[in-house]
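Let me begin by presenting the structure, written as C-alpha cells, before commenting on it.
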Amino acid sequence: MNTWVAVMAGGALGSLARHLVNIGATRAFGRPAPYAVAIVNVIGCFVIGWLAGAIAVQRLQMSSTMRAFVFVGILGGFTTFSSFGLDTLTLVREGARTTAAVNIAVQVGLGLAAVFAGYAIASRVG
C-alpha cells in the first residue's frame, strides 16, 4: 500500500509542478503552448536521465517505494515523455537499436495520428 500512496503523492507534486511551468510560460511568452510542453519534456528527460545514471553507477540509492514516488509519481505527473526517453535509452544501451527506433516511430507517429483522429472524430460527432 505504501507504493500506491507514494505514486499518488508524487503524481500530485509532478502535476502541480507542470501547472506552475504552464503559468510561468504564459507569463514569459504570452501563451503556454508549445513552450511549456517543451520545457517540461526537456527538464523531465534530463532529471530521469540523471537519476537513472546516478543509480546505475551507485552514486544514488533508492528504495523501490522511493523510485515509484520519483519516477512514476513525480516525473509521471510532470511528463511521461521522460519515461519514453528512458525506455528508448534503455533499449539502445541493451543493443536493441531497431526496437528503439520502432519505439520512437510508433509512439511519436501513432501518438500524433491518434491526436488528429480523436480531434477529427470528436469535432464531427455531435
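Assorted remarks:
- The residues of the stretch 16-72 that are loosely packed, with under 12 Cβ neighbours inside 10 Å and in contact (Cβ under 8 Å) with a residue 24 or more places away in the chain amount to a single one, Ser64.
- The condition (being farther than 15 Å from Gly14 by Cβ, at pLDDT 95 or above and out of contact with any Asp or Glu (no Cβ under 7 Å at 6 or more places or on another chain)) is satisfied by just one residue among Val47, Val102, Val115, Val70: Val102.
- Ala68 under 26 Å from Trp4 (Cβ atoms), part of a helix (DSSP H, G or I) and of a type outside the set (D, E, K, R): yes
The values are calculated or read from the model by the stated rules, or taken from the named source; none is laboratory data. Since this is a predicted model, take the numbers as computed values, not measurements. In this analysis, Cβ positions are derived from the backbone assuming ideal geometry, glycine residues included, and neighbour counts consider all displayed protein chains.
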